[in-house]
Structure formats: C-alpha cells, structure tokens
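The values are calculated or read from the model by the stated rules, or taken from the named source; none is laboratory data. All of these numbers come straight from a predicted model, not from anything done at the bench. Cβ atoms come from the backbone with ideal geometry, glycine included; neighbour counts cover every protein chain shown. Note: accessible area is taken over every heavy atom of the protein model, side chains too, but ligands, DNA and RNA are not part of it. Shrake-Rupley method; radii C 1.70, N 1.55, O 1.52, S 1.80 Å.
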Amino acid sequence: MGLAQLERWAEQQGQPAFRGRQLHDWLYAKGAHRLDQITVLPRAWREQLTASPPPGGPDWIGRSRELRRSIARDGTTKLLLATADGHTIETVGIPAEGRLTVCVSSQVGCPMACRFCATGKGGLQRSLAVHEIVDQVLSVREAMETRPSHVVFMGMGEPLLNIEAVLAAIDCLCTDLGMAQRQITVSTVGVPKTLPTLAERALERLGRAQFTLAVSCMPRISGCGRS
Ligand code: SF4
C-alpha cells in the first residue's frame, strides 16, 4: 500500500490518518519486518491487528524471509528469499561505481523455458505479488546497507506475464521509495502481443512510461542470454 491507501486503511480501522503515515515511514524508510517492531503504533491497536493472523504469522506485514546470502568477491550479493507461502525466489544486488542495481524476480519459476536458463527448467509455480517484488529491493538495501539506485526486472520469471504487479511495483518503487522511472529496466524475452498492453497499462498506471524496456534474443532459438 502507498501513503494514501495506508491513511485510508488506518481510518477504516478507527485510527487517525497520521497512523497511516507512521506505518508508511516504518515500512519503507525504516524497513520494518514485523508489526511488533513498529512500536510507534498504540499497543492496543497492534494487538487488535494480530488477533487474526495473516499467512506469514501474527506479526507479518508482507516481508519475505531471507534464507541464504552469497557474497561474491566484487560485492555482488545474492539473496534467497522465502515467501509467506513457502516458495523461494532469488534477488541480486550488483554494486558498481556510484550505483547499486537490484536484479529482481517477477515470478516463482518461469514458463518461458529458454534453453540456456536454469529457472525455466522448473516451469512456473506462480507470479509474484507487488509486495514480494518490492520486498526484494528492501532486502538488498538492508543486506548491502546501501540505497539501491537502479532496478532491473531480470531475475526469475518473465515480467510481461505479470504486467499488473510489475507496473504496481514500479509505481511503489518510485512513489514510496523515491526512485525514478528512468532508473528502472524491464527485461523481456518477448511475449507475443503483450507490448501494446504494457504500453497502455503503463500510461494508465504510471501516468508516463519512462522506464527502459530491454528485449532479449528469442528464447529456444538463441544460445545467448539477455542482450
Ligand atoms: S524468460 Fe528469463 S527466467 Fe524465464 S526461462 Fe527465459 S531467461 Fe529464464
């Protein structure tokens, strides 16, 4: 949820709108993982909210759990994350001079079956929800203690098969985490008839489409990866 949604949601819960602003600050700026960490909220309300446990447990607020971290010599950091329903996804933080790029996954597995890709071999389990995409950027920020400057949708999955969640995640990264659309790249192997939908929905959802679109070689035919 963005700021306006959180304010509305707080009011629906019988709280003043500023509680939504506090939640927004703790979720995005402070990177809280559980409701019990958001101590600025009244204890009675927190207890009321945890009375009916969401899928990830009573204090779950939409963050994935880090299962494993691998750090390469150049600082590139790969995280294995567990979603609330037990799936695992990978995300990678790639440092370079003056920038940190996060390579995010958009699906659990992938149905495109590119012959050079290990993810494609397992097929598709499901598409990721918006919070599961945004969480990857927050997780890399925490792991590398650096604010990400760029995001590329180049991890597990084909983003054009999950257009609505990908665009909502871009919206969230720009509005709630202060990134610019020009710092975001959506990489696709090319899914027939999806580009007009992407363009149309991007203009509707984001007002303007300024992120970069990278189109790779055709899957199955090419022996190379992204280009
Ligand atoms: S689209 Fe990407 S994730 Fe999916 S099989 Fe091809 S290279 Fe792998």
Number of positions in region 120-142 that are open to solvent by 40 Å² or more (accessible area, probe 1.4 Å), in a helix (DSSP H, G or I) and within 11 Å of the ligand (Cβ to nearest atom): 1
Identity of the residue in region 143-174, over 24 Å from LEU195 (Cβ atoms) and in contact with a Leu (Cβ under 9 Å, 6 or more places away or on another chain), that ends up surrounded by the most Cβ atoms within 10 Å (Cβ to Cβ): PRO148
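Out of the residues in region 91-119 that are in a strand (DSSP E or B) and of a type in the set (Gly, Ala, Ser), state the one that is nearest to the ligand (Cβ to nearest atom). Give the steps one after another, and end with the answer.
First pass over region 91-119, keeping only residues in a strand (DSSP E or B): 91-96, 99-104, 107-109.
Imposing the further condition that a residue be of a type in the set (Gly, Ala, Ser) reduces the set to 93, 96, 109.
Values: GLY93: 18, ALA96: 22, GLY109: 8 Å.
Looking at residues that are in a strand (DSSP E or B) and of a type in the set (Gly, Ala, Ser), I get GLY109.
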Check on ARG21, out of contact with any Ser or Thr (no Cβ under 7 Å at 6 or more places or on another chain) and at pLDDT 95 or above: yes
Close pairs (6 angstrom Cβ cut-off, 6 or more residues apart or separate chains): closer than 16 Å to VAL191 by Cβ and open to solvent by 40 Å² or more (accessible area, probe 1.4 Å) in region 105-119, among the hydrophobic types (A, V, I, L, M, F, W, C) and more than 7 Å from the ligand (Cβ to nearest atom) anywhere: PRO111/LEU124
Hits in region 12-29 - residues which are surrounded by 13 or more Cβ atoms within 10 Å (Cβ to Cβ) and either outside any helix (DSSP H, G or I) or in contact (Cβ under 8 Å) with a residue 24 or more places away in the chain (or both): GLN15, ALA17, ARG19, HIS24, LEU27, TYR28
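Among the residues of region 203-213, is there at least one that is within 15 Å of the ligand (Cβ to nearest atom), assigned by TED's automatic domain parsing to the domain that holds ALA113 and at pLDDT 90 or above?
At the first step, the residues of region 203-213 found to be within 15 Å of the ligand (Cβ to nearest atom) are 213.
Pick out the ones that are also assigned by TED's automatic domain parsing to the domain that holds ALA113 and you get 213.
When the remaining residues are screened for being at pLDDT 90 or above, the result is 213.
The answer is yes; a qualifying residue exists.
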